[in-house]
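Asks: Take a look at the following structure, please.
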Amino acid sequence: MRLSISILFACVAACSYGASQSARSISPYEPAHAATTIAPAPERPGLGTTFGERVSSPLSFVAFQRASAQPWAEVALHYNDAAGVRAHADYLGDMQPLEVYAGDGALAVALVDDGGRVLPGIAAGDRTLVIGEDGQRYKIVVRNATTARFEIVASVDGLDVIDGKPADPSRRGYIVDPRDELVIDGFRTSQRDVAAFRFGRVSDSYAARTSGDRDVGVIGLAIFAERGARWERMDIEQRDSANPFPARGYSTPP
């Protein structure tokens, strides 16, 4: 089964510390003497994120002071199975190749498979839809093209990826270093390990088995800038126009 994935991230800058790295349906009214029956909740279609196998992912702690309590930017990606993605895209209209950046474009967010390949997707309307497969393991990757550090508070299906509780951007997050990338590969279970992110049935998702499936299908990142930090965007235009042979001609004696 294929699915579409949705990621949400807000880039923010306030003072914190960061870690580096069913509904129930009841039968209609009946006379008092008749027993009330409760029908089983219907299975939701599509996919969610399950609490997967243990993965080694050591954690360390560093100080980080946020520049502001407000998000610097926001991005959202939604996920579901292939049929759900097509239906969602048709509902929204225009489709185009997937490309998502945060804020001024200096930070990029993607979902990658176990081999590091970026998962495919489309942009339809103002939504970004990423496509994966049932049972597939995935990771969240944040690439930082600036000279500054950022704090990343991440959630999957409405749950904080560090403590597994309903997500709140005021909680502490991971740190992505200058011109580096952060890989979030699961729900943290200890300072050394995480439970891998794997796509699965909504009813099998970690959220459905704990707090409920209302927010299944969205991955969120609140990105905070560091107080006092200054950064410059990587000069993409200059790199794009770089000439591999700037002085064509013949060799000359030294």
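Asks: Could you please find all residues in segment 106-150 being among the hydroxyl-bearing types (Ser, Thr, Tyr) and at pLDDT below 90?
Replies: Within segment 106-150, Thr128, Thr146, Thr147 meet the criteria.
Asks: Residues in segment 74-105 that are within 14 Å of the chain's Cα centre (by Cα), modelled with pLDDT under 70 and hydrophobic (A, V, I, L, M, F, W, C): how many?
Replies: Residues that pass the stated criteria total 3.
Asks: I'm trying to understand the selection: among the residues of segment 152-195, which are of a type in the set (Lys, Arg) and open to solvent by 30 Å² or more (accessible area, probe 1.4 Å)?
Replies: Matches in segment 152-195: Lys165, Arg171, Arg172, Arg179, Arg192.
Asks: Go through (1) open to solvent by 10 Å² or more (accessible area, probe 1.4 Å); (2) part of a loop (DSSP other than H, G, I, E, B) one by one and return the number of the condition Ala148 breaks.
Replies: (1)
Asks: In segment 168-193, how many are more than 19 Å from Ile223 (Cβ to Cβ) and over 16 Å from the mean Cα position of the chain (by Cα)?
Replies: So the count comes out to 5.
Asks: Just to verify a result, which residue in segment 197-220, among those that are buried (at least 18 other Cβ atoms within 10 Å of the Cβ) and small (Gly, Ala, Ser), is farthest from Leu47 (Cα to Cα)?
Replies: Gly220
Asks: Pick from Arg233, Arg227, Arg239: which is touching a Gly at 6+ places or on another chain (Cβ under 8 Å), modelled with pLDDT under 90 and farther than 30 Å from Phe51 by Cβ?
Replies: Arg233
The values are calculated or read from the model by the stated rules, or taken from the named source; none is laboratory data. What you are looking at is a predicted structure, and each value in this text was computed from that prediction instead of being measured. Don't worry about glycine lacking a Cβ; one is built from the backbone with ideal geometry, like all the others, and counts go over all protein chains shown. Ligands, DNA and RNA are stripped out before the accessible areas are found, and what is left, the full protein with its side chains, is counted by its heavy atoms. Shrake-Rupley method; radii C 1.70, N 1.55, O 1.52, S 1.80 Å.
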